[in-house]
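Undergrad: Provided herewith is a single structure, encoded as structure tokens, for subsequent inquiry.
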Amino acid sequence: MGTRVLRTSLCDMLDIEYPILSAGMGPNTLGEQTGAPVDLVVAVSEAGGMGVLGGSGYSIEELRDAIREIKSRTDKPYGVDLLLPKNIAGIEEMAAMGAQELPLSQVIATLPEPYRAWIAQMRSDLDIPEVEIMVRTDTTTMRPQEAVAVCIEEKVPLFCAGLGNPGWMVEEAHANGIKVLAITGNTKNAKRMADSGIDLLVAQGHEAGGHTGRIGTMALIPPCIDAAYPIPVLAAGGIADGRGLAGALAMGCVGVWVGTRFLATTEGGASDTIKENIVKATDEDTIVSTMFTGKTLRAIKSSFHDAWAASGLEALPFPMQIMISSALFQGFMQANIADYIGGFAGQAVGTIHEIKPAGEVVDDMVAQAADILTKKLPDSVKAE
Ligand SMILES: Cc1cc2nc3c(=O)[nH]c(=O)nc-3n(C[C@H](O)[C@H](O)[C@H](O)COP(=O)(O)O)c2cc1C
């Protein structure tokens, strides 16, 4: 008995021991390192799950370097997650400015006056510095075709599309022995993605950290499994321990895709302040807003959300809104104003009470889920 009960078809497909994937997590805002860096990928893959690199904020060359570093540090399979948005508002204008990198202040200067005025007002009211960072027009998100080409050349074992339908690259991926995973927040897209030839689908519920949809995980999984059949489904959103893993498997998922829990690990890419915020937060402390990126995104509620709501401004389309949030966020980080920092995270914060090594998270999840699934009907299962 024991951990053998956790061996699903996902383990065979990806050649991993346990059906646990650490989610691809990109940078919190411009200038921050990725949430799912090489260290986290290696730790999760070495522990028997599969680590997935958050590749959305990297340049094309950094992506290639990160993939090669993973290969040099582990023989275990791993994944790479990129965002493949349909429309990238403002990027042509930025590219027309003629550089691969632009000072953020230069991009901000092109925004409508009410946004510029609000940023200036916030800086003055809170006495935060204007931190100059470089906006890249050459990230993987801005150059999806080239980024995908790197993943194919490097023959990454699993390619994950965090945003958008990866149908256009599936054939080439398969020809190179690469499996393809897509993520959905509703049943309509589950069907569309399954029909496009992918190998795996993540059904990510409203509870999730980062970009998120409107349907709760529990209500999303059954219709997604039906719509995607026979493409296997992984559950995401609110899963932070073995109870969540056991629940997802019992509902017919082949595994789990876990973000917030792995962000708050020793190897997770969040800053120390954000990791502490995750540990301190309760299940009621997150909020969904378009303030950070222009798309609905769940983060720990902070005074930044209140100030944005009070501004009366409409969010700009993705990714231009990121310029606005980054212009201030970097100042909050530098001045270390914890009240305004929050951090991208899901409702699973209510289950996370300590920062520990990612390998331990995998071990604990496995032990608890195996224990639950080998019992008859469990009584209420309480954390240690
Ligand atoms: C800090 C952070 C960054 C994220 N960035 C990405 C990303 O770049 N690509 C992506 O596919 N999903 C991203 N997500 C969503 C995760 O991949 C995952 O679906 C989600 O975290 C699962 O829900 P959970 O946080 O409740 O575990 C991000 C989530 C967080 C918390």
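Undergrad: Alpha carbon centre of the range 119-155 versus the range 1-73: separation in Å?
TA: 21
Undergrad: Would you mind ranking Leu83, Leu297, Leu53 so that the residue whose beta carbon has the fewest other beta carbons within 10 Å leads the list?
TA: Leu297, Leu83, Leu53
Undergrad: Moving to a separate point now. Would you mind checking which residues have amide H under 5 Å from Thr286's amide H? H placed 1.01 Å from N; only 5 or more apart, or other chain.
TA: So Thr286 has HN proximity to Lys301.
Undergrad: Using the Kirkwood formula over every pair of different C-alpha atoms, what hydrodynamic radius in Å results for the range 135-284?
TA: Evaluated over the range 135-284, this radius sits at 16.4 Å.
Undergrad: From the gyration tensor of the Cα coordinates in the range 236-300, what semi-axes in whole Å does the equivalent ellipsoid have, largest first, with each one equal to sqrt(5λ)?
TA: Value: 23, 16, 11 Å, ordered largest first.
Undergrad: Something else: Counting just the Cα atoms, what span does the chain cover along each of its three principal axes? Round to the nearest Å and put the largest first.
TA: That gives 63, 46, 39 Å along the principal axes, largest extent first.
Undergrad: Could you state, as a whole-number percent, how many of the C-alpha pairs of the range 219-269 are farther apart than 18 Å?
TA: 33
Undergrad: Here is a follow-up. What does the convex hull of the Cα atoms of the range 148-221 come to per residue, in Å³, rounded to a whole number?
TA: Roughly 85 Å³ of hull volume per residue.
Undergrad: With θ set to phi - 60°, apply the Karplus curve 6.51 cos²θ - 1.76 cosθ + 1.60 along the range 19-26 and write out the HN-Hα couplings as whole Hz, x wherever there is a Gly or Pro.
TA: Working through the residues one at a time gives x, 10, 10, 7, 5, x, 10, x Hz.
Undergrad: Here is a further query. If the cut-off is a Cα-Cα distance under 13 Å, which aspartates and glutamates reach Lys71, setting aside same-chain residues fewer than 8 apart in sequence?
TA: Asp39, Glu46, Glu154
Undergrad: Hey, in the GNM for the chain with a 10 angstrom Cα cutoff, which one of Pro157, Pro27, Pro112 fluctuates hardest?
TA: With Cα springs under 10 Å in the chain, the top fluctuation among Pro157, Pro27, Pro112 is at Pro112.
Undergrad: What's the FRET efficiency of Asp339 with Ala120 using the Cβ-Cβ distance as r and R₀ = 35 Å, to the nearest 0.05?
TA: Efficiency at R0 = 35 Å is approximately 0.95.
Undergrad: Also: Net charge around Lys86, counting only other residues with Cβ within less than 14 Å of its Cβ (Lys, Arg = +1; Asp, Glu = -1)?
TA: Around Lys86, the charge tally is +2.
Undergrad: From largest to smallest, what semi-axes in whole angstrom does the range 127-180 give when each is the square root of 5 times an eigenvalue of its alpha carbon gyration tensor?
TA: Those come to 32, 11, 10 Å.
Undergrad: Among Gly346, Gly213, Gly26, which one shows the highest mean-square fluctuation when the chain is modelled as a Gaussian network with alpha-carbon springs under 10 Å?
TA: Gly213
Undergrad: What is the sum of charges around His206, taking Lys and Arg as +1, Asp and Glu as -1, for the other residues whose C-beta is under 14 Å from the C-beta of His206?
TA: Value of the local net charge: +1.
Undergrad: Give the value in nm², to one decimal: projected area of the alpha carbon convex hull of the range 63-213, averaged over all directions.
TA: 12.0
Undergrad: Return an integer: the convex hull volume of the alpha-carbon atoms of the range 1-40, in Å³ per residue.
TA: Measuring per residue, one finds 87 Å³ for the Cα hull of the range 1-40.
Undergrad: Tell me, what HN-Hα J-couplings in whole Hz come from the Karplus equation 6.51 cos²θ - 1.76 cosθ + 1.60 at θ = phi - 60° for each residue of the range 248-263, using x for Gly and Pro?
TA: 5, 5, 5, 7, x, 7, 8, x, 10, 10, 10, x, 3, 4, 7, 5
Undergrad: Once amide H atoms are placed 1.01 Å from N in the peptide plane, what residues at a sequence separation of 5 or more from His211, or on another chain, have their amide H within under 5 Å of its amide H?
TA: Arg298
Undergrad: Restricting to DSSP H runs of at least four residues, report the calculated mean residue ellipticity at 222 nm for the chain, -39500 (n - 2.57) per run over all residues, nearest 500 deg cm²/dmol.
TA: It lands at -12000 deg cm²/dmol.
Undergrad: Still on this structure, I have one more. Which longest run of the chain has no exposed loop site in it, a site being trypsin sites (Lys or Arg not before Pro) in a DSSP loop with at most 14 other beta carbons within 10 Å, and the site itself not part of the run?
TA: Result for the longest clean stretch: 215-374.
Undergrad: Enumerate the calculated ³J(HN,Hα) couplings along the range 333-345 in order (Karplus 6.51 cos²θ - 1.76 cosθ + 1.60, θ = phi - 60°), each rounded to whole Hz, writing x wherever the residue is Gly or Pro.
TA: Along the range 333-345, the couplings run 5, 5, 7, 6, 8, 4, 4, 9, 8, x, x, 5, 6 Hz.
Undergrad: Follow-up question, since we're still on this one. For Trp257, Trp168, Trp118, what's the fewest-to-most ordering of other Cβ within 10 Å of each Cβ?
TA: Trp168, Trp118, Trp257
Undergrad: List the residues, sorted by chain then number, that are 5 or more residues from Val52 or on another chain and whose placed amide H is less than 5 Å from its amide H.
TA: Long-range HN contacts for Val52: Ser22, Gly79.
Undergrad: Under a GNM of the chain (C-alpha, springs under 10 Å), which listed residue has the highest mean-square fluctuation: Val131, Val258, Val233?
TA: Maximum among the listed residues: Val131.
Undergrad: Run through every distinct alpha carbon pair of the range 219-341 and return the Kirkwood hydrodynamic radius in angstroms, one decimal place.
TA: Taking every pair of different Cα atoms in the range 219-341, averaging 1/r and inverting gives 16.6 Å.
Throughout, read-outs are computed from the coordinates displayed, never taken from laboratory work. Everything numeric in this text was worked out from a predicted model, so none of it was measured. Here Cβ is always computed from backbone atoms with ideal geometry, including for glycine, and neighbour counts include all displayed protein chains.
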